[in-house]
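**Q** I'd like to ask some things about the structure below.
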Amino acid sequence: MSSPGINHYLDAAKRATAWHAENIKKMRSCRFDTIAVHGIYSMQEALDFNQGSVIEPIYMSTSQAYRDADEMEAALGYQIPTWCYSRIANPSVYYLEGVLALLEGYGSDVETSCVVTSSGMSAIQSAVDPFLIIDRNKPNQPMNFVATTQVYGGTFQQFAIRKHQEKNIEWRKVINANNLDEWESLIDENTRFVYGEMPSNPGLGFFDLEKVAEIAHKHNLPLIIDSTVATPALLRPIQHGADIVVQSVTKSLFTSGFGICGAVISRKNITTNIDNPQMKADFAMYIKLLPNRDNGPNISPMNAILALNDIRTIRSRMDILSRNTLKVAHFLETHKHIQEVEYLGLESHPLYQLASKYLILADSETDDCYGKPFNRYGHLMSFLVKGDADKTRDVFNAFTRIWRGTDLGRIKSIATIPAISTHSQQGEEGRKLAGIPSNLIRLCVGAEHPDDVIKDIDQALSVLDGKKVFITSPEFSAGGASSATLRKDS
């Protein structure tokens, strides 16, 4: 069979690319909820290629077949769009990347792109590693990066151990993120990027994003923000000057808990002192087609579509969860057994005014319920129990409705003690730097009625009054044989 020639495929690719660009442009003009529901999947695409499927199909195939050698050569040379191999690209993954790019760029005139990964941690690695390259002309030149200490425990380990300890790439730690002089004092000619997490997990750290972006850009450095806790429903860092956003999609965006996923979303033409025009022009697409192609932190198509379905309701969900969490926080704020409550939505919180500048429910100004820009502060909070670590464990063990686990962002309320779980590996000194004492309980409030969550917290705290409450029996923990025995006996 004779080939129509490589130019045939190049011309077809130009037409397809132009059509998709126009479709994305139209979607960018839609409201937040419409983007979340429809993403970049169009009716025309459904009718032409997907048997009219209303919902995005799951393309479980590992690779794409080609009509002839010319099409294969053009595809593998990245001359035409391709799904060549699911480690690099896949239609289902493309749909997820498209909606996340649009949501993070919503409300701004900034063009964005996205690459999704197998987890939030692989997203962080994908976001920072391209800046930590050795200059062949200066092989012994030291490297450093500037980042806050108030970060997720896994991020702390990646920075402190995998980067600093193992590769001798210095992590210059920002202790007080609201001291702008501290940020600037840590930057020098060997700094490669600036990084922060806001709100931070679990301490709800927050800083003036726009001012930190100005400092980073003044030194020709990119600002990378982990915005997992807020999601684009409440905060879109690119709108405020950030170059790159990291999302552990596993959490709030992927609320069902059915899968693991991460994402890197970047603005076009990021600020960087790395001499790599392709990386600067479209950072997310660069890491998707080159570093991540070679390193392989890809996500499965099934997880991509499951995440996509959860994202469709992210704005209304974050609204409900924020309202629930605020009610729980008000209850804890006056409880006799609580030393302190960390929730940015409390007017008593020292960062309340700053957080209110940035954490605004998307489209609340056009929402019939609000009619003006309205603050929502998310579903993550922490509280300190009056007493030592043992008393904190007693309260934690007494929860009956709130699940004990290391997860967050679920539709169900989940609590953990970070000092013995998510942040245990960073050690006592590291936890002190991050402000995580042993009597701190992290609570991620779900979509249950808040009165029932409060009731469970209240009865759990009653153990400090000497009251006996139900404690899960070890006999039936960890599933396995105990669960099998329970089912048999019942």
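Read-outs: derived from the displayed coordinates by stated rules, not from any lab. If you're wondering where the values come from, they're calculated on a predicted model, not measured in any experiment. Using ideal geometry, Cβ is built from the backbone for each residue, glycine included, and neighbour counts are taken over all protein chains shown.
**Q** Which of the lysines could a cross-linker span from residue 251 if the Cα-Cα distance has to be under 21 Å and same-chain partners fewer than 8 positions apart are dropped?
**A** Answer for residue 251, where 21 Å is the Cα cut-off: 412, listed by chain and number.
**Q** Taking θ as phi - 60°, what are the ³J(HN,Hα) couplings along region 381-394 by the Karplus curve (6.51, -1.76, 1.60), each to the nearest whole Hz, with x for Gly and Pro?
**A** Here the 3J(HN,Hα) series is 8, 9, 9, 9, 7, 5, x, 8, 4, 5, 5, 5, 4, 4 Hz.
**Q** Follow-up. Quick one: 3J(HN,Hα) in Hz for region 84-97, Karplus 6.51/-1.76/1.60 with θ = phi - 60°, rounded, Gly and Pro as x.
**A** 2, 7, 5, 5, 9, 7, 7, x, 5, 5, 4, 4, 5, 4
**Q** How would you rank 42, 126, going from fewest to most other Cβ atoms within 10 Å of each one's own Cβ?
**A** Arranged by neighbour count, lowest to highest, 42, 126 become 42, 126.
**Q** Continuing with the same structure: For a quick check: with amide H placed at 1.01 Å from N, whose amide H comes under 5 Å from residue 340's, ignoring anything fewer than 5 positions away on the same chain?
**A** Amide H neighbours of residue 340: 384.
**Q** Give, in nm to one decimal, the length gained when the segment between residue 178 and residue 134 is fully stretched (0.36 nm per residue of separation minus the Cα-Cα distance).
**A** 12.7 nm
**Q** Give me the mean projected area, in nm² to one decimal, of the convex hull enclosing the Cα positions of region 84-311.
**A** 11.6
**Q** Expressed in nm to one decimal, what extension gain is obtained for the pair residue 366 and residue 334 from 0.36 nm per residue of sequence separation less their Cα-Cα distance?
**A** Between residue 366 and residue 334, full extension yields 8.1 nm more.
**Q** Same structure again: Using +1 at the C-beta of Lys and Arg and -1 at the C-beta of Asp and Glu, which of 362, 444, 322 has the Cα lying farthest in the positive direction of the dipole of the chain?
**A** Selected residue: 444.
**Q** Using θ = phi - 60° and the Karplus form 6.51 cos²θ - 1.76 cosθ + 1.60, what ³J(HN,Hα) does each residue of region 400-417 get, whole Hz, x for Gly and Pro?
**A** Ordered by residue, 3J(HN,Hα) equals 10, 9, 7, 7, 8, x, 9, 8, 8, x, 6, 6, 9, 5, 9, 10, 8, 9 Hz.
**Q** Based on other C-beta atoms within 10 Å, arrange 315, 323 from fewest to most.
**A** Fewest-to-most Cβ neighbours within 10 Å comes out as 323, 315.
**Q** So if R0 is 60 Å, what FRET efficiency would residue 170 and residue 68 give, r being the distance between their Cβ atoms, rounded to the nearest 0.05?
**A** Numbers: r = 52 Å, r/R0 = 0.86.
About 0.70, to the nearest 0.05.
**Q** Around residue 201, what is the net charge, scoring Lys/Arg as +1 and Asp/Glu as -1 over all other residues with Cβ under 9 Å from its Cβ?
**A** My count for the surroundings of residue 201 gives 0.
**Q** Within the set of other residues whose C-beta is less than 13 Å from the C-beta of residue 88, count the net charge using Lys and Arg as +1 and Asp and Glu as -1.
**A** On the way: positive: 87, 288, 293; negative: 97, 294.
Spelling it out: positives minus negatives among the neighbours equals +1.
**Q** What is the spin-label model distance, in nm, from residue 403 to residue 31 if the labels are put 7 Å beyond Cα along the C-beta direction?
**A** In this crude label model, residue 403 to residue 31 measures out at 3.2 nm.
**Q** Next question, about the same structure. Using Cα centres only, tell me the gap between region 36-115 and region 375-442 in whole Å.
**A** About 39 Å separates the Cα centre of region 36-115 from the one of region 375-442.
**Q** Starting from the amide H of residue 226, placed 1.01 Å from N in the peptide plane, find each other amide H under 5 Å away whose residue is 5 or more places distant or on another chain.
**A** Counting only residues 5 or more places away or on other chains, the set is 196, 197, 198, 246.
**Q** Give the lysines whose C-alpha is closer than 24 Å to that of residue 173, dropping any in the same chain fewer than 8 places away, or say none.
**A** List returned: 163, 211, 218, 432.
**Q** Please report, to two decimal places, log10 I(q)/I(0) for the chain at q = 0.06, 0.12 Å⁻¹ as given by the Debye formula with identical point scatterers on the Cα atoms and no solvent.
**A** The Cα Debye sum returns log10 ratios of -0.29, -1.11.
**Q** Continuing with this model, one more query. Straight-line reach from residue 467: which lysines have Cα under 23 Å away, leaving out those fewer than 8 places along the same chain?
**A** Cross-link targets: 336, 386, 391, 455.
**Q** Now a separate question. Just the number: Rg to Rh for region 314-489, Cα atoms, Kirkwood Rh, two decimals.
**A** 1.01
**Q** Under a point spin-label approximation (7 Å from Cα along Cα-to-Cβ), what is the residue 256-residue 217 distance to one decimal in nm?
**A** Placing both labels 7 Å beyond Cα along the Cβ direction yields 3.9 nm.
**Q** Distance between the C-alpha centers of region 126-145 and region 237-261? Whole Å please.
**A** 26
**Q** Right, next: List the residues whose amide H sits under 5 Å from the amide H of residue 374, counting only those 5 or more places along or on another chain, with H placed 1.01 Å from N in the peptide plane.
**A** Excluding prolines and chain starts, which carry no amide H, the hits are 361, 364, 365.
**Q** Follow-up question, since we're still on this one. What distance in nm separates the simple spin-label points at residue 289 and residue 3, each placed 7 Å from Cα in the Cβ direction?
**A** Output for this residue pair reads 1.9 nm.
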